[in-house]
Amino acid sequence: MTATEDEFRDIVESHSSMVFSVALRLVGDRGLAEEVAQDVFLELHHWLPRLESADHVRHWLRRVATHRSTDALRRRKVRPEGQSDEWEDKHDRPGDSGGSDCGSMGVAMERMLLSLPEAQRTVLVLRYSEDLTPEEIARTTGDPVATVKSHLQRGLQLLRRKGSVVLKEYVRG
C-alpha cells in the first residue's frame with residue numbers, strides 16, 4: 001500500500017485515538033502513552049508501503065502499539081513486579097477522597113487494571129477496549145489462542161477479587 005503524505009495524514013487522524021487508547025490503558029501514563037503513539041506512527045511511516053490494505057494497517061497499528069507499550073513499561077519500569085500483591089495498600093480507597101462520583105470510580109477501575117500482570121492487562125484491554133476476539137488478540141500478541149483465553153480468565157478473576165475490595169466503598173454509598 002503506497003501512500004502519499006495526505007493519505008498518511010488521514011491514516012494518522014483516523015487511528016490516533018485507537019493507538020493512544022491502547023497505549024494509555026497499557027502503560028497508565030498519559031505522557032508515556034503519547035510517546036508510544038508517536039513512535040508507532042513514526043514506524044508506520046516506514047512500514048506503510050509494505051501494508052496491503054486498510055485492515056492490515058489497523059491490525060498492524062494495534063499490534064505495534066501493544067508491543068511498544070510493553071517495551072516502554074519494561075524500559076521505564078513503571079509498574080514493578082509484585083505491585084499487584086500490594087496494590088490495595090499503596091493506593092487511596094475511593095471513600096477516602098470524600099466523594100464517590102463516577103470519575104473517582106473510573107480512576108479506581110483504571111488503577112485496578114494497571115495493577116494486573118502485563119499479559120493479563122494486555123489481553124483485557126484488547127478484548128474489552130478494542131473489542132477483539134481471542135483469535136485476533138492471539139494474532140496481535142503472537143500468543144496461542146489458549147494462552148490468550150487463559151490470560152482473559154485469570155485477569156477477570158483477579159479484577160473481580162480486587163473489585164470486591166476496592167469498589168465496595170461505592171456500593172455502600
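The values are calculated or read from the model by the stated rules, or taken from the named source; none is laboratory data. Small disclaimer: the values here were computed from a predicted structure and weren't measured. Counting neighbours? That spans all protein chains shown, and the Cβs are built from the backbone with ideal geometry, glycine included.
Please state which of the following conditions V107 fails to meet, knowing it meets all the rest: (1) within 16 Å of H67 (Cβ to Cβ); (2) aliphatic (A, V, I, L, M); (3) without any contact (Cβ under 8 Å) to a residue 40 or more places away in the chain.
Just one mismatch for V107, condition (1).
Go through the residues of the stretch 38-59 one by one and say whether even a single one is under 12 Å from the mean Cα position of the chain (by Cα) and assigned to a helix (DSSP H, G or I). Step through it out loud before you land on a result.
The initial filter retains those residues of the stretch 38-59 that are under 12 Å from the mean Cα position of the chain (by Cα), namely none.
The answer is no, given that none of the residues of the stretch 38-59 is under 12 Å from the mean Cα position of the chain (by Cα) and assigned to a helix (DSSP H, G or I).
Among the candidates D143, D101, which residue alone is modelled with pLDDT under 95 and within 25 Å of D55 (Cβ to Cβ)?
Numbers: D101 fails: within 25 Å of D55 (Cβ to Cβ).
Within the list D143, D101, the selection yields D143.
In the stretch 119-140, what residues are surrounded by 21 or more Cβ atoms within 10 Å (Cβ to Cβ), farther than 12 Å from R25 by Cβ and touching a residue at least 24 places away in the same chain (Cβ under 8 Å)?
Listed by number, the residues that qualify are Q120, T140.
Out of (1) more than 18 Å from the chain's Cα centre (by Cα); (2) of a type outside the set (F, W, Y); (3) modelled with pLDDT of 95 or more, what's the single condition that is false for K168?
(3)
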